[in-house]
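J.: Before we start, here is the structure in question, set down as structure tokens.
The values are calculated or read from the model by the stated rules, or taken from the named source; none is laboratory data. Model, not experiment: these values are computed from the prediction. Neighbour counts are summed over all protein chains in view; Cβ atoms, including those assigned to glycine, are modelled from backbone coordinates with ideal geometry. In case anyone asks, the SASA skips ligands and DNA or RNA and just uses the protein heavy atoms, side chains included. Shrake-Rupley method; radii C 1.70, N 1.55, O 1.52, S 1.80 Å.
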Amino acid sequence: MTVAHWEHFAHEADMGVRGYGATEAQAFEQAALALTAAITEPERVELREQVQIACEAPDDELLFVDWLNAIIFEMSTRKMLFARFEVRIENGQLTATIWGEKTDVAKHSPAVEAKGATYTALRVARENGQWIAQTVVDV
């Protein structure tokens with residue numbers, strides 16, 4: 001049985017994010033949580049506001065990069081952090097609801113600022129009965 005989870009992986013000055021899940025959508029959700037965890041402890045982020053995201057791409061890997069960059073865009077423009085992600089993927093289209101709150105430096109103690117997801121170490125695949133989604137994020 002697959003247990004959804006996330007992890008970071010080392011990559012020079014940047015940060016690798018990786019999500020695992022029973023479904024592709026769940027792996028995307030877990031990678032988004034890894035993105036938040038690169039900035040702050042996700043448990044510190046309250047689920048006060050929700051934001052809708054929609055992305056479209058010709059393949060799963062490009063869709064994954066677009067997904068993470070959409071979250072980074074929302075973090076930057078709304079000055080928010082997010083800690084819950086609900087993703088739906090169908091025919092190259094991703095729709096999602098994400099929940100979080102305004103960034104509070106005293107509360108969240110942000111370690112870095114995510115600037116963008118890259119194509120470095122980019123991979124979205126099904127292996128050993130579970131999905132994996134990973135890439136390197138410029139911080």
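J.: Can you go through Ala10, Ala70 and tell me which one is modelled with pLDDT of 95 or more and farther than 20 Å from Arg126 by Cβ?
T.: Answer to the selection: Ala70.
J.: Out of the residues in the stretch 59-101 that are small (Gly, Ala, Ser) and farther than 18 Å from Ala133 by Cα, state the one that is surrounded by the most Cβ atoms within 10 Å (Cβ to Cβ). Reasoning before the result, please.
T.: Just the residues of the stretch 59-101 that are small (Gly, Ala, Ser), to begin with: 70, 76, 83, 92, 96, 100.
Cutting the leftovers down to farther than 18 Å from Ala133 by Cα gives us 76, 100.
Working: Ser76: 13, Gly100: 24.
This residue is Gly100.
J.: Across the stretch 104-128, which residue is farthest from Ser76 (Cα to Cα) among those that are of a type in the set (Val, Ile, Thr) and open to solvent by less than 90 Å² (accessible area, probe 1.4 Å)?
T.: Val124
J.: Check Leu33 against each of (1) open to solvent by less than 60 Å² (accessible area, probe 1.4 Å); (2) in a strand (DSSP E or B); (3) touching a helix residue (DSSP H, G or I) at 6+ places or on another chain (Cβ under 7 Å) and name the one condition it does not meet.
T.: (2)
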